[in-house]
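Just so it is clear, none of the values below were taken in a lab; they were calculated from the coordinates. As the structure is a prediction and not an experimental result, all values here were calculated from the model. Neighbour counts run over all protein chains shown; Cβ positions are idealised from the backbone, glycine included.
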Amino acid sequence: MISGDDLIASADLALRTLHRGARAGRPMPRAAGAADETAMSPEQRRLSGALMRVNHVGEVCAQALYAAQALTARTPELRAQMVAAGREETDHLAWLERRLDELGDRTSLLNPLWYAGAFAIGLAAGRAGDRISLGFVVETERQVEAHLAGHLDRLPADDADSRAVVAQMQADEARHADDALAAGGAPMPAPVRWLMRAAARVMTRTAHVI
């Protein structure tokens, strides 16, 4: 049963996510050695900013998804797993906000919409049962892992600090997927996987510019 304290904590998380109140529990990954960002052209900085903005939207959605799935978890163990994974996603969120500031870029103007949509999806996944909720985590994190691999290919070689952040995020997402699978996540049907990929494409293309 969802308590009043749970709802207050969820609302507080939403406000902190949307008003740049995320605080990382781990140091922000940095490239080995001093990064020479002056080597990047204006076009490269804009590309890095756009890619990191897309990644930031992904982390806004992750906050909403894990919060909703924690609220609807049927067991204390699953709730604790969702909260722990969400805490690592908060690290990602804070790192990306800092990196966007360093690049002189901004977060998406549509973050409230992304958060609301992801929270609704997370509630639906959680209410479908713990195995479905875990399976949704597995599929989501596998898709995010592949998405981040693509960004590592596209980020300018001279943007070593952004690449360090994305590489750590990718490792964390892979571990979240593995943990959810080990906890009993059910495979998602092919139509659900397709819909998830289609929604992700809409989000990434929109967040790249807005």
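Listed values, structure above:
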item	result
GNM result for the chain, Cα springs below 10 Å: residue of Asp172, Asp159, Asp101 fluctuating most strongly	Asp101
Stretch gain in nm, segment Arg106-Arg87, where the contour uses 0.36 nm per residue and the Cα spacing is subtracted	4.6 nm
Acute angle (nearest 10 degrees) that the helix 111-127 long axis makes with the longest principal axis of the chain, alpha-carbon atoms	30 degrees
Near-label residues of the stretch 91-111 by backbone N, under 13 Å of a point 7 Å along Cα→Cβ of Arg154	none
Extreme residue, positive dipole direction of the stretch 44-207, given options Thr206, Ser108, Met82 (C-beta unit charges)	Thr206
Intensity falloff of the stretch 144-191 expressed as log10 I(q)/I(0), Debye formula with alpha-carbon point scatterers, at q = 0.26, 0.28, 0.33 Å⁻¹	-0.91, -0.99, -1.14
Helix axis angle, 190-207 relative to the chain longest principal axis, alpha carbon, degrees	40 degrees
Ala174 paired with Ala190, simple spin-label distance in nm, labels 7 Å along Cα-to-beta-carbon	2.8 nm
Net lengthening on full extension, Ala80/Arg16 (0.36 nm per residue, minus Cα-Cα)	21.0 nm
Debye, to nearest 20: dipole size of the chain, +1 on Lys, Arg Cβ, -1 on Asp, Glu Cβ	520 debye
Rounded tilt (10° steps) of 160-182 against the dominant C-alpha axis of the chain	20 degrees
Value in Å of the Kirkwood radius, where the stretch 44-207 supplies the Cα pairs that are averaged	15.8 Å
Sites Ala32 and Arg131 - FRET efficiency at Förster radius 41 Å, r taken between beta-carbons, to 0.05	0.50
Lys, Arg +1 and Asp, Glu -1 on Cβ, resulting dipole of the stretch 1-122 about Cα centre, debye, nearest 20	40 debye
Between the stretch 151-177 and the stretch 26-99, the alpha-carbon center distance in angstrom	10 Å
Structure-based [θ]222 nm, the chain - -39500 (n - 2.57) summed over DSSP H runs of at least 4, per residue, nearest 500	-26000 deg cm²/dmol
